[in-house]
Amino acid sequence: APLDFSGKGYVVYTSANSSPTITATGTYNTGQVDVPITYSNGSNQGGGMNLVCNPFPSPIDGSLFLANTNNNGLFTAYQIYDNASDTWKTNATGAPSSIDVGQSFYVQTSADGNAEFETSMITGAGSNSFVRENDILEQGFICVKVEQEDGRYGETFIRFHEEGTEEWEWEKDVTFRASGNNANPEIFTELENGHQLLINSPGALGEVEEMALVVEGGSLGTVSLFSNDEYKLPEGICGVIEDLET
């Protein structure tokens with residue numbers, strides 16, 4: 001049966017001295033793109049932190065992005081997660097100077113507005129390999145969510161992976177990043193050394209029987225705790241969420 005890779009990105013291999021013609025359906029951005037960003041005056045907006053992404057099919061120059069007249073009135077830095085050191089780096093502390101194709105990053109705004117991406121920011125320098133792989137050893141995700149009555153929420157993920165362990169693994173786990181807004185409830189898992197995880201891959205199905213979750217109450221102090229149905233339990237697996245605190 002044919003494979004459906006729609007929405008999965010793309011990879012191209014060519015041989016030496018070849019001149020292939022590449023075609024694609026749909027469109028890509030060839031002009032200015034405005035991405036709405038919001039200050040933290042509503043539910044779950046994280047102290048003005050906004051996650052945005054390079055919308056062009058080419059890397060962009062981070063310094064030109066920040067120097068944009070509109071952007072420099074809203075934010076002065078961008079933050080990118082560095083897997084090798086397991087830290088968040090800004091453009092001033094080692095984040096890449098070019099922002100690759102499809103690369104997401106954080107900006108912290110001081111007001112509502114738009115992050116502007118202009119074609120003049122496009123640069124030829126980048127390190128994105130364009131490769132996106134399907135992990136055949138991944139067996140499923142579970143998402144556990146906490147939410148308070150005003151809509152503010154937090155969520156964390158348990159990932160079943162055949163090579164997962166109880167230790168920190170940068171290629172399988174993701175460090176938890178607090179929203180920066182104490183009004184938001186938060187939920188995460190925590191390793192023995194205190195490392196907090198947004199995505200925890202402790203092992204394969206059948207190897208993981210229970211997982212301790214840390215919940216921090218938001219501004220209302222009362223939250224609902226439930227499984228996010230967007231992430232289905234693997235077939236044949238049932239789960240019980242047990243409140244040991246209240």
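Before moving on, here are some points about what is shown:
- In sequence order, region 113-121 has phi-based couplings of x, 10, 7, 9, 10, 10, 5, 5, 7 Hz under the Karplus curve 6.51 cos²θ - 1.76 cosθ + 1.60, θ = phi - 60°, and Gly or Pro positions carry x.
- Taking each residue as 0.36 nm, the span from residue 245 to residue 137 lengthens on full extension beyond its C-alpha to C-alpha distance by 35.4 nm.
- Proximal aspartates and glutamates to residue 232, defined as alpha-carbon separation beneath 17 angstrom and excluding residues fewer than eight positions away on the same chain: 138, 155
- Heavy-atom accessible area per residue - region 115-246, 1.4 Å, Å²: 63
- Point-to-point label distance, residue 93-residue 238, nm (Cα→Cβ direction, 7 Å offset): 4.7
- For a paramagnetic label modelled on residue 227 (point 7 Å from Cα along Cα→Cβ), amide N atoms under 14 Å away belong, within region 148-168, to 157-160.
- Formal net charge of residues neighbouring residue 145 (Cβ-Cβ distance under 12 Å; K, R +1; D, E -1): -4
- Accessible-area composition of region 132-230, carbon plus sulfur, in percent [1.4 Å probe]: 43
- Formal net charge of residues neighbouring residue 62 (Cβ-Cβ distance under 15 Å; K, R +1; D, E -1): -4
- Of interest is the spacing of the C-alpha centroids, which for region 192-234 and region 156-184 amounts to 9 Å.
The values are calculated or read from the model by the stated rules, or taken from the named source; none is laboratory data. Being a predicted model, the structure only gives us computed values, none of them experimental. Ideal geometry is used to build each Cβ from the backbone, glycine not excepted, and the neighbour counts take in all protein chains shown. Please note that ligands, DNA and RNA were not included when accessible areas were found on the heavy atoms of the full protein model with its side chains. Shrake-Rupley method; radii C 1.70, N 1.55, O 1.52, S 1.80 Å.
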